[in-house]
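Shown next, in structure tokens, is the structure this report addresses.
The values are calculated or read from the model by the stated rules, or taken from the named source; none is laboratory data. Values in this document were obtained by computation on a predicted structure and should not be read as measured data. Note that we place each Cβ from the backbone using ideal geometry, even for glycine, and neighbour counts take in every protein chain shown.
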Amino acid sequence: MKNIAVIGAGTMGNGIAHTFAQFDYQVQLIDISEASLKRGIATITKNLDRMLAKEKITQADKQRTLDNITTHTNLQKGVENSSLVIEAATENLDLKLKIFRDLDSFCSKDTLLASNTSSISITQIAAVTSRPEKVIGMHFMNPVPIMKLVEIIKGYNTSQETYNTVKEISEKLNKVPVEVNDYPGFVANRILMPMINEAVETLYNNVAGVQEIDTVMKLGMAHPMGPLQLADFIGLDVCLSILNVMHDGFKNPKYAPCPLLVNMVRAGKLGCKSGEGFYDYSESRRAETVAKMFKN
């Protein structure tokens with residue numbers, strides 16, 4: 001299983017493509033936008049250059065990784081020879097269901113279909129295909145080339161064979177796969193997002209300022225990044241989407257997003273990717289923030 005397709009050239013998609021390509025998989029990176037593909041390849045190149053500067057890879061490693069990636073704007077063409085397809089599109093249910101319907105018709109009956117969704121039900125996604133036993137969740141952490149964890153989510157009908165294959169692939173990427181069950185938010189975000197939401201509530205209630213809240217969590221709880229800075233890095237729109245999925249799925253008010261978070265997303269203040277969230281991110285500041293994530 002050496003031919004992999006990744007759908008979506010954004011932060012998660014290009015990170016997943018980078019990681020597979022670095023481990024000598026042939027990767028088809030797919031996006032509807034040629035400009036997004038160019039940005040994705042540029043990001044991969046910059047991240048490889050950082051690794052090269054730290055002598056973690058050689059120039060030959062960098063070139064081989066880039067050579068292992070081919071880009072496509074045509075979904076059918078991009079997935080036609082893939083043994084595994086990983087969807088890393090926007091966290092939107094309707095979009096994901098459409099993609100998986102298309103994949104089911106475009107891909108070989110033996111192709112495994114995975115979603116990098118951070119909260120949406122794998123069972124619901126699998127139900128729109130004719131191969132629910134071959135549909136699974138592969139939730140990578142950001143930044144993908146650095147973070148070790150992969151949450152592997154089995155839907156109601158996911159076969160043990162599919163799980164075993166994806167677990168083995170994850171280990172070949174030098175990741176640590178962890179099996180979790182298919183409930184809203186899985187494990188990582190079911191625990192993380194309420195913490196981030198509570199940090200936003202703490203700010204909303206004027207208990208302390210942004211830097212003060214983050215400093216308490218970094219120095220007092222040994223977190224490498226404060227919850228508000230982490231929310232900026234994830235994307236406030238993504239945080240809001242995950243909270244809404246959990247609130248809808250569990251019908252529990254403890255998952256209701258803070259009004260401040262809702263208003264910030266409405267105002268377009270999405271964090272690093274928009275240039276402003278809880279912190280201000282000029283172009284130089286954004287580069288500095290990303291560089292810190294890759295310092296290890």
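Brief remarks on what is shown
- Residue list for the stretch 255-296, filter: modelled with pLDDT of 95 or more and basic (Lys, Arg): ARG266, LYS269
- Residue check, ASN157 under 30 Å from ASP49 (Cα atoms), of a type outside the set (A, V, I, L, M) and part of a loop (DSSP other than H, G, I, E, B): no
- Candidates are the residues of the stretch 244-261 that are within 22 Å of ASN206 (Cα to Cα) and within 21 Å of the chain's Cα centre (by Cα); the one that is surrounded by the most Cβ atoms within 10 Å (Cβ to Cβ) is LEU261.
- For GLY137: the one exception among (1) of a type outside the set (A, V, I, L, M); (2) more than 14 Å from VAL85 (Cβ to Cβ); (3) assigned to a strand (DSSP E or B): (2)
- Filter result for GLY137 (out of contact with any helix residue (DSSP H, G or I) (no Cβ under 8 Å at 6 or more places or on another chain) and crowded, with 18+ Cβ neighbours inside 10 Å): no
- Where helices (runs of 4 or more DSSP H) fall wholly inside the stretch 225-274, the ranges with 3 or more residues that are without any contact (Cβ under 8 Å) to a residue 40 or more places away in the chain and out of contact with any strand residue (DSSP E or B) (no Cβ under 6 Å at 6 or more places or on another chain) are 236-250, 259-266.
- The listed residue being without any contact (Cβ under 8 Å) to a residue 60 or more places away in the chain, at positive phi and not in a helix (DSSP H, G or I), out of ASN206, ASN174: ASN206
- Residue under evaluation ILE146, criteria (1) out of contact with any strand residue (DSSP E or B) (no Cβ under 9 Å at 6 or more places or on another chain); (2) buried (at least 19 other Cβ atoms within 10 Å of the Cβ); (3) of a type in the set (A, V, I, L, M), criterion not met: (2)
- Subset of the stretch 209-224 (residues that are free of Cβ contacts under 8 Å to residues at least 24 places away in the same chain, assigned to a helix (DSSP H, G or I), within 27 Å of the chain's Cα centre (by Cα) and under 23 Å from SER282 (Cα atoms)): GLN211, ILE213, ASP214, THR215
- Some residue of the stretch 97-109 being among the hydroxyl-bearing types (Ser, Thr, Tyr), out of contact with any Ser or Thr (no Cβ under 7 Å at 6 or more places or on another chain) and within 20 Å of TYR163 (Cα to Cα): yes
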